[in-house]
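A.B. asks: Before we start, here is the structure in question, set down as C-alpha cells.
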Amino acid sequence: MKVENITKEDITEFLYKEAYILDDWNLKEWASLFTDDGTYKIPPLGRPNADPKEAIFFVHDDRERLQHRAERLLKKEAHVEYPHSTTVRNYHNIMVENLGSEIITVRCNFTTYRTKREVIDTFVGYNVYNIIPINSELWIKNKKVVLKHDSLRPHGKISLIL
Amino acid sequence: MNSYIFDDKVNNEFLVNRTVFTDREVLARERAEIFSKCWLFIGHESEVPEKGDYKRKKVGGRNLILVRSHDNEIRALYNTCPHRGALIARENEGNSRVFRCFYHAWSFKNDGCLVGMPGNDAYPEDFNNDGSKNMKAVNRFESYQGFLFVNFDDNAISLNEYLAGAKEYLDLIADQSESGMEVLGGVQEYSVRANWKLLTENSADLYHGLPTHKTYFDIKQEQDPDLKKVGLFGYGKDLGNGHGVVEYRAPWGRPIAQWTPIWDENLKKDMERMKERLIEKFGEERASRIADWNRNIVIFPNLVINDIMAITARTFYPTSPGYLESYGYSLAPKDENMVHRLARNNNFLEFLGPGGFATPDDNEALELCQEAYNNNLEVQWNDVSRGMKRDAEDIEGTDELQMRSFWREFDRRIQESMRKGASKV
C-alpha cells in the first residue's frame, strides 16, 4: 500500500476491523495495531484537550501500558471483565483528513454498548486517530477517545477498551 | 431488630446485618441521622482560588454552590432561588460577580445577597430587610488543612472536634508540600450499583488488596525485578467518631519520595533530595512516615482519602440503597515540577479511577455483594471479625479493625434515631 494510493475506504475498513477485533475480545491483536510509540488516551469529561499534567485522564497509556491493559483484560483475575462482557462497537460520521500524507488524521463518532449481568451501558463520543501507513499496512499511532457524557453514571467505570 | 451489628468482644466475633445494604428505611434514617448531622466533605479550598470562582457541588443529596465571594470568604450556598425554587447556577463551574436565576431574573451577589429583580415596585419597601430573600448559605461551614466541610445540623460539634484522630493523617498530607496542596482538574464523577457503605469498607480494606488486584500487582512485579514477594504490611487504627485508617508499606512508588524502577534516574535523584528535605524539616521518623508509608483514611461517613501511589479523596452518596454516586479528586503539591507531576498522574490512573487497573475490579466486587444480598432473608450476616482476637499491638493492616470502628459509629447513630422514633421516611 503506497501512501499516495490510500483511500478513505481503506481507512474506514481499518477502523471497522479495529472495532470487530475489540468486540471479539482479540485484545492482543488490538494492541498489535499500534506503532511502537503508539498511545491510547481518554481525557477527562468535557476537557478533550486537557493537559495530562494538570488534569487526571481516565486513560493515558503509552505503548507499554496499552499492552498491559490488553493483556490484563484477558486474565481471569480482571474480575470486572470476567466473564467477559458482550460489546457492540459502531463507528460512524467518519471524516478523514490528510490522505496522501505520512500521518492520516481521522475523526469518527462512536457508540459502544456493553452488556453484563443483564445491564446494558452505552458509551458515546468521538475518536481521533493518527494513522500511519508503514510497509503496506496501516498502524495506529495515537488513539484518543473523547467521551460525551456529563458523568460516568450509571456506567461507573471504563473497564473496556473503548 | 435491636441492633444492626453483633459485637461479641468475648468470643471475638463481629457481624453486620445485611439489611443495612438493602433496606429503604435504613436509607431514610441514614439521610436524617447521618447525612444531615455529620460533617460532609464539599471540596478543597484550591478549587476556588480567586474571588468569584465557584463550583457546583452535590453534598449529602443537596445542590450546593461552593463560591469564593467578593469579600474573599468561601461559602456554600444552596443552589435554589429563594423566590420560587429554580436551580440558579446551571454551569458546573465558573467565575461570576452575580448569580442570576433565569426564571424571573432575580439577581444575587456572589455572597448570596439579593440585588435586584424586575418590577420591584410590586413588593413592600422593607422586602428582604430580614435577608430571607437572599440565597441561603449552609450555616455550618468549616475547614481543616484546606479540606472544606459542611454540616446541615446547626447544633453539630465543631469540625475540629469531629475529626478527632483523623486530623493527624490530614496533617501528614499537608506536610507533603511547602506551598500547599491543590486539586487537579478532572474530578471523576462515577457511580457504583451498590450500597454506599460497601465503598467505605472497601476503601480501607487491605485484605482484599492481593486477591482483588492481583493483575495490578503482577504488573508491578514485572516492572520491578527486585520485587520478590508482594505484600501489604502495616496496621489499622480506630481514629474516633467512626473514623479509621490503615497505614502500611506497599510495592508501588510514591510521588512523595519513594522511587520505583518505572521512573527514571533523574526522578530518583529528585526524590532523594525531597526525602532529605523532609528529614531536615520533620526528622527521620516522620519523614519516613510521610515518604514511605501509605494511608487509607476513612472519615465518617463518606469521605475516603487514600494517600497511596497518588493522593485521592473520594466522597459518595446513596440515591437508593443499591446505587451510589461518587466523586473522585486528585490532590498534588502546588509547587510540584511537571516531570514529577506527570509521573504522579500516571501512577494515579494506572491503579485508580474508572479507567484504572484496580478501581473497576473494586466496583465489580461491590456490585456482586449487592446482587447477592437478594439472599438476605436466609443469609443474614456479614462477618467483620478479622483480627479481633489479636491484642492491640499485634493488629495487622489486613485486619478489619478500622471497619469495626465505622460500623460501631453507624449503629450507634441509627440506634439513637430508632430510640427517639425519629424517622423522616
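The values are calculated or read from the model by the stated rules, or taken from the named source; none is laboratory data. Bear in mind that the values here come from a model prediction, so they are computed numbers and not experimental data. Positions of Cβ are generated from backbone atoms using ideal geometry, with glycine treated the same way; all protein chains shown enter the neighbour counts.
A.B. asks: Would you be able to tell me the number of residues in the stretch B:29-64 that are under 21 Å from the mean Cα position of the chain (by Cα) and not in a loop (DSSP other than H, G, I, E, B)?
C.D. replies: 22
A.B. asks: Working carefully through the options B:I290, B:I305, B:I297, find the one that is under 23 Å from B:V339 (Cβ atoms) and touching a residue at least 40 places away in the same chain (Cβ under 8 Å).
C.D. replies: It is B:I290.
A.B. asks: Within the stretch B:102-157, how many residues are surrounded by fewer than 13 Cβ atoms within 10 Å (Cβ to Cβ) and acidic (D, E)?
C.D. replies: So the count comes out to 5.
A.B. asks: I've got another one for you. Looking for something without any contact (Cβ under 8 Å) to a residue 24 or more places away in the chain, assigned to a strand (DSSP E or B) and over 20 Å from B:R62 (Cβ atoms) - is there at least one such residue anywhere in the stretch B:2-20?
C.D. replies: yes
A.B. asks: Could you pull out every one of the strands (runs of 3 or more DSSP E) wholly within the stretch B:233-347 that has 1 or more residues that are farther than 26 Å from B:S46 by Cα and modelled with pLDDT of 95 or more?
C.D. replies: B:233-240, B:243-249, B:311-320, B:323-333
A.B. asks: Determine, yes or no, whether B:G387 is of a type in the set (G, A, S) and within 8 Å of chain A (Cβ to nearest Cβ).
C.D. replies: no
A.B. asks: Mind checking whether some residue in the stretch B:201-208 is touching a Ser or Thr at 6+ places or on another chain (Cβ under 7 Å), more than 14 Å from every other protein chain (Cβ to nearest Cβ) and buried (at least 22 other Cβ atoms within 10 Å of the Cβ)?
C.D. replies: Scanning the stretch B:201-208, I find at least one residue that is touching a Ser or Thr at 6+ places or on another chain (Cβ under 7 Å), more than 14 Å from every other protein chain (Cβ to nearest Cβ) and buried (at least 22 other Cβ atoms within 10 Å of the Cβ), so the answer is yes.
A.B. asks: Within the bounds of the stretch A:79-99, is there any residue that is modelled with pLDDT under 95 and surrounded by 13 or more Cβ atoms within 10 Å (Cβ to Cβ)?
C.D. replies: So far as the stretch A:79-99 goes, yes, one or more of its residues are modelled with pLDDT under 95 and surrounded by 13 or more Cβ atoms within 10 Å (Cβ to Cβ).
A.B. asks: Restricting attention to the stretch B:163-196, and to residues there that are in contact with a helix residue (DSSP H, G or I) (Cβ under 7 Å, 6 or more places away or on another chain), within 14 Å of another protein chain (Cβ to nearest Cβ) and among the charged types (D, E, K, R), which single residue is surrounded by the most Cβ atoms within 10 Å (Cβ to Cβ)?
C.D. replies: Top of the filtered list is B:E182.
A.B. asks: Sticking with this structure for a sec: When you scan the stretch B:319-340, how many residues do you find that are touching a residue at least 24 places away in the same chain (Cβ under 8 Å), within 27 Å of A:H68 (Cα to Cα) and surrounded by fewer than 19 Cβ atoms within 10 Å (Cβ to Cβ)?
C.D. replies: Of the residues in the stretch B:319-340, 1 are touching a residue at least 24 places away in the same chain (Cβ under 8 Å), within 27 Å of A:H68 (Cα to Cα) and surrounded by fewer than 19 Cβ atoms within 10 Å (Cβ to Cβ).
A.B. asks: Where in the stretch A:1-120 are the strands (runs of 3 or more DSSP E), entirely inside, with at least 2 residues that are more than 26 Å from B:H208 (Cβ to Cβ)?
C.D. replies: Result: A:34-42, A:86-97, A:104-116.
A.B. asks: Okay, moving on. Has the stretch A:47-55 got any residue that is surrounded by 18 or more Cβ atoms within 10 Å (Cβ to Cβ), more than 16 Å from B:N345 (Cβ to Cβ) and aliphatic (A, V, I, L, M)?
C.D. replies: no
A.B. asks: Among B:A358, B:A372, which is the only one that is among the hydrophobic types (A, V, I, L, M, F, W, C), modelled with pLDDT of 95 or more, under 19 Å from the mean Cα position of the chain (by Cα) and surrounded by fewer than 22 Cβ atoms within 10 Å (Cβ to Cβ)?
C.D. replies: When all the criteria are applied, what remains is B:A358.
A.B. asks: Restricting to the stretch B:329-361, what's the tally of residues that are out of contact with any strand residue (DSSP E or B) (no Cβ under 7 Å at 6 or more places or on another chain), more than 7 Å from chain A (Cβ to nearest Cβ) and more than 26 Å from A:R153 (Cα to Cα)?
C.D. replies: Qualifying residue count for the region: 6.
A.B. asks: What are the residues in the stretch B:209-223 that are surrounded by 21 or more Cβ atoms within 10 Å (Cβ to Cβ), among the charged types (D, E, K, R) and touching an Asp or Glu at 6+ places or on another chain (Cβ under 8 Å), if any?
C.D. replies: Across the stretch B:209-223, there are no qualifying residues.
A.B. asks: Could you list all residues from the stretch B:366-420 that are closer than 27 Å to B:Y248 by Cβ, free of Cβ contacts under 8 Å to residues at least 24 places away in the same chain and in a helix (DSSP H, G or I)?
C.D. replies: B:L368, B:A392, B:E393, B:D394
Residues are listed down the side, and each one gets a yes or a no for (1) within 11 Å of chain B (Cβ to nearest Cβ); (2) touching a helix residue (DSSP H, G or I) at 6+ places or on another chain (Cβ under 7 Å):
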| residue | (1), (2) |
| --- | --- |
| A:V3 | no, no |
| A:W30 | no, yes |
| A:R63 | no, no |
| A:Q67 | yes, yes |
| A:L74 | yes, yes |
| A:E81 | yes, yes |
